[in-house]
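Presented below is the structure to which this report refers.
The values are calculated or read from the model by the stated rules, or taken from the named source; none is laboratory data. This structure is a prediction, so every number in the text was calculated from the model and none was measured. No Cβ is skipped: glycine too gets one built from the backbone with ideal geometry, and neighbour counts run over all protein chains shown.
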Amino acid sequence: MFEGAPSMKTSRAALALVVNSTDLQNNFGKYLELASKQEIVITKKGKPVARLLGMEKTVSFLSDQLVGLVPRDINENNCKDEMLAKQSALS
C-alpha cells in the first residue's frame, strides 16, 4: 500500500472507501471504476465532502437520512391507504 492510500471505513449501511481529494484527482480513472462496485467517500482536509456512487445505486438525501429509522418491511401502498383513511376520518 502506498503513502496516502485510502482507508476502508464503515458507512451507515455498507463499507465505503474513503479517499482524499488529491488522491482522487491523481487516480480518477481507478476510483471511477471502483465507484461502480462500492461507495467512495471523498474527504478534504480530513472531513467528508462528497460521495461517488455507481449508476445502480439510487440514493436520495431523504432516503439516505432514514436508513435504520424506517422498517425494511414497510409497504408504501399500505402507508398511503392508512394516511387517506386518517384524513377521511378527520373530515
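Identify, from the list 23, 64, the residue that is at pLDDT below 80, surrounded by 11 or more Cβ atoms within 10 Å (Cβ to Cβ) and of a type in the set (Asp, Glu). The unique qualifying residue is 64.
Test of understanding: among 16, 50, which residue is touching an Asp or Glu at 6+ places or on another chain (Cβ under 6 Å), part of a strand (DSSP E or B) and either modelled with pLDDT of 60 or more or exposed (fewer than 10 other Cβ atoms within 10 Å of the Cβ) (or both)? One residue alone meets the criteria, 16. Give the residues of the range 25-41 that are without any contact (Cβ under 8 Å) to a residue 24 or more places away in the chain and not hydroxyl-bearing (Ser, Thr, Tyr), sorted by residue number. Correct list: 25, 26, 27, 28, 29, 30, 32, 33, 34, 35, 37.
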